[in-house]
Amino acid sequence: MTTLLHLDASARGGRSDLHSFGSHTRRLTARFVERWRAMARDTCLYRDLGYGPPAPVDGAWIHAAFTPHAQRVPWMHQRLAESDALVDELIGAEVIVAGVPMYNFGVPSGFKAYIDNIVRVGRTFGFDRERAGQPYWPMLAGQGRTLVLLSSRGDHGYGEGGRIAGMNHVEASVRTAFAYIGMTDLRTVAVEYDEYGGEALDESLRSAEAAVDRLVDAMLAERAAAVPATA
Ligand SMILES: Cc1cc2nc3c(=O)[nH]c(=O)nc-3n(C[C@H](O)[C@H](O)[C@H](O)COP(=O)(O)O)c2cc1C
């Protein structure tokens, strides 16, 4: 049994296939989860980072997070409670499906707050300045998690080798932060041309939806191949 963690980070409510002015990333994440669950009756948890972003880290959070667990006083546990819940949820999932639009070349603030809350010393990465060689290490490495990043942007040409690929800090920052904690299996699909509309957007949406369908099928096939059938 796999647990899916479904995250949405668009500030727009509703999916663009069901609501005018709805979100393309919400549309893609919903499509991914619906297709997955039509074929595999796995558990799915949902978190809306667009409507309910985690509290951004502040001085109290940093003080608490960098105080060893045994030395924390009650206010520190309280301040870290939300972060602990987010980390527990992430650790409990095998597939994380994140809808993350491009806002000013990077991720929306709610998704950045999420990253800041789940990249946690002692929980998702280790740090020991006395450790020879590499004082930082990823704590979630080798545990088989996959991150599916479904994005959307208004302009076009942000894909690998594209005319403005260097301005795309969405995939790059998400890849870096999750690899840092040990989640290196990243699959991506993106819609472009939202600001253009018309046939260019329609074609991009069709192509992204087909890519999402192929991705679900491929991931389920990988899982079936990895788990030998019982007699
Ligand atoms: C605050 C804001 C900033 C944006 N910045 C960019 C940008 O830097 N580059 C771009 O191509 N599109 C940008 N866009 C367009 C969005 O990426 C595009 O509308 C995308 O479809 C939003 O995702 P959603 O459909 O899931 O809401 C921006 C949109 C908003 C609302």
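The values are calculated or read from the model by the stated rules, or taken from the named source; none is laboratory data. As the structure is a computational prediction, the values presented were derived from the model and not from experiment. Using ideal geometry, Cβ is built from the backbone for each residue, glycine included, and neighbour counts are taken over all protein chains shown. With ligands, DNA and RNA removed, areas are computed over all heavy atoms of the protein, side chains included. Shrake-Rupley method; radii C 1.70, N 1.55, O 1.52, S 1.80 Å.
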* What about His19, is it of a type outside the set (D, E, K, R), in a strand (DSSP E or B) and touching a Lys or Arg at 6+ places or on another chain (Cβ under 9 Å)? -> no
* Odd one out for Arg27 among (1) open to solvent by 70 Å² or more (accessible area, probe 1.4 Å); (2) assigned to a helix (DSSP H, G or I); (3) among the charged types (D, E, K, R) -> (1)
* To do: Assess whether Tyr46 counts as being touching a residue at least 24 places away in the same chain (Cβ under 8 Å), in a loop (DSSP other than H, G, I, E, B) and among the aromatic types (Phe, Trp, Tyr).
  => no
* Asked: Here is a list of conditions, (1) away from the ligand (no atom under 12 Å from the Cβ); (2) open to solvent by 30 Å² or more (accessible area, probe 1.4 Å), and Asp42 meets all of them except one; can you say which number that is?
  -> (2)
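Within segment 11-20, identify whether any single residue is crowded, with 18+ Cβ neighbours inside 10 Å, under 13 Å from the mean Cα position of the chain (by Cα), within 16 Å of the ligand (Cβ to nearest atom) and under 30 Å from Leu201 (Cα atoms), and answer yes or no.
Among the residues of segment 11-20, not one is crowded, with 18+ Cβ neighbours inside 10 Å, under 13 Å from the mean Cα position of the chain (by Cα), within 16 Å of the ligand (Cβ to nearest atom) and under 30 Å from Leu201 (Cα atoms), which makes the answer no.
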* Number of the condition not met by Arg79 [criteria: (1) away from the ligand (no atom under 13 Å from the Cβ); (2) surrounded by fewer than 15 Cβ atoms within 10 Å (Cβ to Cβ)] -> (2)
* Going by the structure shown, is Ala55 of a type in the set (Gly, Ala, Ser), closer than 23 Å to Val170 by Cβ, away from the ligand (no atom under 16 Å from the Cβ) and touching a residue at least 24 places away in the same chain (Cβ under 8 Å)? -> yes
* If you go through segment 107-117 one residue at a time, do you hit one that is touching a Pro at 6+ places or on another chain (Cβ under 9 Å), surrounded by 14 or more Cβ atoms within 10 Å (Cβ to Cβ) and either of a type in the set (Lys, Arg) or at pLDDT below 95 (or both)? -> yes
* Count - residues of segment 21-37 that are within 11 Å of the ligand (Cβ to nearest atom) and among the charged types (D, E, K, R) -> 2
* Neighbours by Cβ (under 6 Å, 6+ apart or cross-chain): first from segment 167-183, in contact (Cβ under 8 Å) with a residue 60 or more places away in the chain and over 16 Å from Gly99 (Cβ atoms); second assigned to a helix (DSSP H, G or I) and aliphatic (A, V, I, L, M) -> Ala177/Ile115
* Asked: Pick from segment 1-10 the residues that are away from the ligand (no atom under 14 Å from the Cβ) and in a loop (DSSP other than H, G, I, E, B): which of them is least open to solvent (accessible area, probe 1.4 Å)?
  -> Thr2
* Structure fact -> Taking segment 174-215 and keeping only residues that are away from the ligand (no atom under 16 Å from the Cβ) and part of a loop (DSSP other than H, G, I, E, B), one is left with Ile181, Gly182, Met183, Thr184
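If you take the residues in segment 87-113 that are part of a loop (DSSP other than H, G, I, E, B) and in contact with a strand residue (DSSP E or B) (Cβ under 7 Å, 6 or more places away or on another chain), which one is nearest to the ligand (Cβ to nearest atom)?
It comes out as Met102.
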* To do: Give the number of residues within segment 46-71 that are open to solvent by 70 Å² or more (accessible area, probe 1.4 Å) and closer than 30 Å to Ser16 by Cα.
  => 3
* Scan segment 134-150 and give yes if some residue there is surrounded by fewer than 17 Cβ atoms within 10 Å (Cβ to Cβ), at pLDDT below 95 and in contact with a strand residue (DSSP E or B) (Cβ under 7 Å, 6 or more places away or on another chain), otherwise no. => yes
